[in-house]
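Student: Pasting a structure here, questions to come.
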């Protein structure tokens, strides 16, 4: 995720004026995540993301049961800060609904400021920046990790084919550029869209997300793009 504070600033930066609340949730049925014999609470290993008017919220399945929570909201007038645990559980159940399973409890949450922080290049001489060393992105759609894994995979593949490190690094910069900048631009656009104050901005964003949910082939293509990059 794009934690914005306490980092060495990179060449390209933008403060989204948003906060990520991070913690864990448990579901009715306990760690096994089962109610009346029915799988519940991410027991099937599925991650969920929902888009609210304040920003995205995601549940990420945990091996021991329950789910990790990432809940993004505006830093100014933070709507989560003043809620107690019971109120947070109520709001989260309204966000994720029954498809996820009923959330029973939420841990103490930690908050982090969000922003874009990116270098212009992956390589610097004979050094390679991977993951957060190259860029930190807004956690919307969870693309920071995927992008870093693709960069690392392509680097290993290139080195296995060519022992000339200098040539490999030149190739990596050229080869990874389109995917890297497309993902930086896409997540930046989505992150900024939650702060737009223009009339109709929220409705337009909602229609776009609804259309994506309705169009299965388009949704699948976007998922493949985000997981595997530009091919």
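The values are calculated or read from the model by the stated rules, or taken from the named source; none is laboratory data. What you are looking at is a predicted structure, and each value in this text was computed from that prediction instead of being measured. Positions of Cβ are backbone-derived with ideal geometry, glycine not excepted, and every protein chain shown enters the neighbour counts.
Student: Of everything in the stretch 132-144 that's touching a helix residue (DSSP H, G or I) at 6+ places or on another chain (Cβ under 8 Å) and over 22 Å from residue 48 (Cα atoms), which residue is surrounded by the fewest Cβ atoms within 10 Å (Cβ to Cβ)?
Tutor: Here the answer is 132.
Student: Here's something else I'd like to know. Looking at (1) buried (at least 20 other Cβ atoms within 10 Å of the Cβ); (2) not in a loop (DSSP other than H, G, I, E, B), which is the one condition that is false for residue 104?
Tutor: For residue 104, the failing item is (1).
Student: Continuing with this model, one more query. Just for the stretch 113-131: of the residues that are in contact (Cβ under 8 Å) with a residue 12 or more places away in the chain, farther than 19 Å from residue 189 by Cα and surrounded by fewer than 18 Cβ atoms within 10 Å (Cβ to Cβ), which one is farthest from the chain's Cα centre (by Cα)?
Tutor: Of all residues in the stretch 113-131, those in contact (Cβ under 8 Å) with a residue 12 or more places away in the chain come to 113-123, 126, 128, 130-131.
If we keep only those that are farther than 19 Å from residue 189 by Cα as well, we get 121-123, 126, 128, 130-131.
Within this subset, residues satisfying the condition of being surrounded by fewer than 18 Cβ atoms within 10 Å (Cβ to Cβ) are 121, 126, 130-131.
On the way: 121: 22, 126: 30, 130: 17, 131: 13 Å.
Result: 126.
Student: So, restricting to helices (runs of 4 or more DSSP H) that lie completely within the stretch 145-231, which ones have at least 1 residues that are modelled with pLDDT of 75 or more and exposed (fewer than 13 other Cβ atoms within 10 Å of the Cβ)?
Tutor: 165-193
Student: Related question: Test each condition in (1) at pLDDT 95 or above; (2) assigned to a helix (DSSP H, G or I); (3) under 28 Å from residue 192 (Cβ atoms) for residue 90 and report the one that comes out false.
Tutor: If we test residue 90 against (1) at pLDDT 95 or above; (2) assigned to a helix (DSSP H, G or I); (3) under 28 Å from residue 192 (Cβ atoms), just (3) comes out false.
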